[in-house]
Amino acid sequence: SLDQIKITLDALTCIENCQILAFFSNTDAGGKQIVNELKKQTNFILIPNMISSDFLSLMSCADVMVGNSSAAIREAPSYKLPAVNIGSRQQGRLRANNIIDVKHERGEIINAINTALYDNDFHSKLKNIKNPYGDGKSAKRIINILQSIDLNPQIIQKRISYE
């Protein structure tokens, strides 16, 4: 993870005219090394932790996410937010077309960030993107269904069935 974060940070420092917010790593193996490398960056705004509602608000106005966070896979499509997913951590997960998958290779990361920021064809694909994980309204739908059910004894009576 140390080599990978160094490659990623090197690529990020090559992107011009961008304000970079960097979130601390979680407690996975190698997380302390990642945080130590982030702390060496003088041109990044470092954020150790953030509450979910603030993080989602930030996603709504960001230009691109870079890293390997599940938030890029699950939440970013709802904001039509491009995301450069680096490495194999999210491999095999359902994803929308906002994701640009790259290896831990400096040139690939830089090219993907530039695509996410400046490629008009890529941005036109984001206009009609649908989040494969839903629209965020499932709890309201579940409540509406539960409120519409007549909870009579026939429905709530437990039945034992042997087959």
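The values are calculated or read from the model by the stated rules, or taken from the named source; none is laboratory data. As the structure is a computational prediction, the values presented were derived from the model and not from experiment. Glycine gets a Cβ as well: all are built from the backbone with ideal geometry, and neighbour counts include every protein chain shown. Only protein heavy atoms, including side chains, enter the accessible area calculation; ligands, DNA and RNA are left aside. Shrake-Rupley method; radii C 1.70, N 1.55, O 1.52, S 1.80 Å.
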> In segment 14-29, which residues are surrounded by 12 or more Cβ atoms within 10 Å (Cβ to Cβ) and among the hydroxyl-bearing types (Ser, Thr, Tyr)?
Replying inline: Ser25
> Out of segment 19-35, which residues are modelled with pLDDT under 85 and outside any helix (DSSP H, G or I)?
Replying inline: Phe24, Ser25, Asn26, Thr27, Asp28, Ala29, Gly30
> For segment 65-151, which fully contained helices (runs of 4 or more DSSP H) count at least 1 residues that are open to solvent by less than 50 Å² (accessible area, probe 1.4 Å)?
Replying inline: 70-74, 106-118, 120-126
> How about segment 154-163: which of its residues are in a helix (DSSP H, G or I) and either open to solvent by less than 100 Å² (accessible area, probe 1.4 Å) or touching a helix residue (DSSP H, G or I) at 6+ places or on another chain (Cβ under 6 Å) (or both)?
Replying inline: Ile155
